[in-house]
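The structure under discussion appears below in the form of structure tokens.
None of the figures in this text is laboratory data; all of them are computed from the coordinates on show. Bear in mind the structure is a predicted one, so any value in this text is a computation, not a measurement. Neighbour counts run over all protein chains shown; Cβ positions are idealised from the backbone, glycine included.
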Amino acid sequence: MNNQKVTDYIVKWLKDYVTTAKVNGFILGVSGGIDSAVTASLCARTGFPVLVLELPIYQGEKQVNRAQEFIQYLKKTYSNVSSQKVELTDVFDTFKKVLPTTDNAAKVNLSLANTRARLRMSTLYHLAGLHGYIVAGTGNKVEDFGVGFYTKYGDGGVDISPIADLMKSEVYELGAYLNVPTSILNAAPTDGLFGDNRTDEDQLGASYDELEWAMQQVALNKKSTDFSERQKEVFEIYNRLHRINQHKMIPIPVCEIPEEIK
């Protein structure tokens, strides 16, 4: 990948979008992960105002440290970047208290993890409205269009998606080119939604490199009979996640009523 050309292309695309939309700049959440770091860096290169937010909800110390390190680096490097921290832990706890209870602990934990992402989305849009900014998404291609590894109306609730045509490996490559801190480049990817140390690979059952490979095999119409045992396993993981998460990847179904019966 030609990192300079890709960077220039995305930055121009961002500039054109902001100019056409007649908004004032960008806002996004920074998690201490590679996707948000690359997206924030690209937005910063436009010269338009960029507001990066820390939105902790029982956040792990390492994630917090990486996010703060990156924000300091970004503000030092780009004069158009500002930051703000909105502590959402108390909001999250209050929300939990009013919810009905259930005995299905696994479903509760997953639902609450998604709730964290949706509280952050609401906060981003609140501040976006105050400043006249647009919310920049941080999803990459394999997450957004491969396995659907994001929260619907959470981190999937955005205005624009600057890096959604880049595979995770390409995001890392671009991150190195953009001088993203080494601590982020070397950290195991995690969504940080469960308040523990689980990684994305723990949740997905496969690494991003493996999932990218599977996505490429699907595009080539390959069959699992051509693969090794691990490749078959990864291929099945990819296809299962792609199938069950279609509701995130396609437009909301609309019941179109024939004119003759209206």
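Structure summary
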read-out: Label-point gap, in nm, between LYS22 and ASP202 - each point 7 angstrom along Cα→Cβ; value: 4.9 nm
read-out: Debye log10 I(q)/I(0) at q = 0.11, 0.17, 0.20 Å⁻¹ for region 81-213, Cα point scatterers; value: -0.47, -1.13, -1.43
read-out: Cα pair distances of region 83-126 binned at 5 Å [whole percent]; value: 5, 18, 29, 24, 14, 6, 3, 1, 0
read-out: Nearest-0.05 FRET efficiency for LEU130 and GLU259, computed from C-beta distance (R0 45 Å); value: 0.60
read-out: Where Rh is the Kirkwood radius over Cα pairs, Rg/Rh for the chain; value: 0.98
read-out: Gap separating the Cα centres of region 157-204 and region 84-129, nearest whole Å; value: 21 Å
read-out: 17 Å cut-off, amide nitrogen to a point 7 angstrom out along SER161 Cα→Cβ, residues in region 192-226; value: 212, 215-216, 219
read-out: Cα-Cα over 18 Å, subset of LYS107/LYS152; LYS62/LYS85; LYS222/LYS248; LYS22/LYS152; value: LYS222/LYS248; LYS22/LYS152
read-out: Charge dipole (the chain, unit charges on Cβ, about Cα centre) - positive-most of ILE163, GLN68, ASN114; value: GLN68
read-out: Backbone N within region 164-206 under 11 Å of label point (7 Å from PHE95 Cα along the Cβ vector); value: none
read-out: Residues in region 2-18 that a label on THR77 would reach, taking backbone N under 19 Å of a point 7 Å out along Cα→Cβ; value: 2-15
read-out: Average projected area [Cα convex hull, region 1-132], square nanometres; value: 10.0 nm²
read-out: DSSP-loop trypsin sites (Lys or Arg not before Pro) across region 98-168, with at most 15 other Cβ within 10 angstrom; value: LYS152
read-out: Cα pair distances exceeding 16 angstrom across region 155-209, given as percent; value: 56 percent
read-out: Charge dipole (debye, nearest 20) of the chain; +1 at Cβ of Lys and Arg, -1 at Cβ of Asp and Glu; value: 500 debye
read-out: Summed residue charge, Cβ within 11 Å of MET249's Cβ, Lys/Arg positive, Asp/Glu negative; value: +1
read-out: For the chain, calculated [θ]222 nm from helices alone, where every DSSP H run of n ≥ 4 adds -39500 (n - 2.57); value: -16000 deg cm²/dmol
read-out: Rg/Rh for region 139-262, where both radii come from Cα atoms and Rh is the Kirkwood radius; value: 1.05
read-out: Net charge of Cβ neighbours under 11 Å - reference ASP202; Lys, Arg +1; Asp, Glu -1; value: -3
read-out: Relative contact order [Cα under 8 Å, 6+ residues apart], region 3-199, whole percent; value: 27 percent
